[in-house]
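Trainee: After the structure tokens below, expect a handful of questions from me.
The values are calculated or read from the model by the stated rules, or taken from the named source; none is laboratory data. What you are looking at is a predicted structure, and each value in this text was computed from that prediction instead of being measured. Because the Cβ atoms are built from the backbone with ideal geometry, glycine has one as well, and the counts that use them run over all protein chains shown.
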Amino acid sequence: MNITIKTLGFNAKPDLKDFAHDKAGKLSRFYDEIIECEVSFSIDKSSTKENKVCDIKLSIPGNDLLATAQCKTFEEATAQCVDALQRQIEKRKTKLMTH
């Protein structure tokens, strides 16, 4: 699985990139047919403290899976996206088993 990390409008620290790479890499344990994982970080221009946005797109055979989260920190947003994608993967696997 290829993992691509993009930052829009700022330069990310290596710690953030390593954290995102580790979290996204764990998704391959749930579904082994993942082709590519694209993680995008951006900062929302709102006045609240919850302005860190993380988007994760999984390229898999069939339809791609997408999750977005907006939190106080990029790490928290990444964790929420990964949890959402795990639920989407489990739902997809149960659909495939019933067919």
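Trainee: Could we say that I34 is in contact with a strand residue (DSSP E or B) (Cβ under 8 Å, 6 or more places away or on another chain), of a type in the set (V, I, T), buried (at least 18 other Cβ atoms within 10 Å of the Cβ) and part of a loop (DSSP other than H, G, I, E, B) here?
Mentor: When the stated conditions are applied, I34 passes them.
Trainee: Ok, one more. Checking the condition farther than 17 Å from G9 by Cβ, of a type in the set (G, A, S) and touching a helix residue (DSSP H, G or I) at 6+ places or on another chain (Cβ under 9 Å), which residue from A24, A84, A20 passes?
Mentor: Among A24, A84, A20, only A24 is farther than 17 Å from G9 by Cβ, of a type in the set (G, A, S) and touching a helix residue (DSSP H, G or I) at 6+ places or on another chain (Cβ under 9 Å).
Trainee: Only one of (1) surrounded by fewer than 16 Cβ atoms within 10 Å (Cβ to Cβ); (2) outside any helix (DSSP H, G or I) fails for V53. Which number is that?
Mentor: Against the list (1) surrounded by fewer than 16 Cβ atoms within 10 Å (Cβ to Cβ); (2) outside any helix (DSSP H, G or I), V53 comes up short only on (1).
Trainee: Would you confirm, using the coordinates I've provided, whether K95 is under 13 Å from the mean Cα position of the chain (by Cα), at pLDDT below 95 and either part of a helix (DSSP H, G or I) or among the hydrophobic types (A, V, I, L, M, F, W, C) (or both)?
Mentor: no
Trainee: Going through region 18-31 one residue at a time, which ones are part of a helix (DSSP H, G or I) and closer than 17 Å to K91 by Cβ?
Mentor: L27, R29
Trainee: Starting from region 73-98, take each residue that is closer than 17 Å to C37 by Cα and list its partners that are hydroxyl-bearing (S, T, Y) and crowded, with 16+ Cβ neighbours inside 10 Å, counting only C-beta distances under 7 angstrom and pairs at least six apart or across chains.
Mentor: I89/Y31
Trainee: So, in region 56-81, of the ones that are in contact with a strand residue (DSSP E or B) (Cβ under 9 Å, 6 or more places away or on another chain), small (G, A, S) and surrounded by fewer than 19 Cβ atoms within 10 Å (Cβ to Cβ), which residue ends up nearest to T4 (Cα to Cα)?
Mentor: S59
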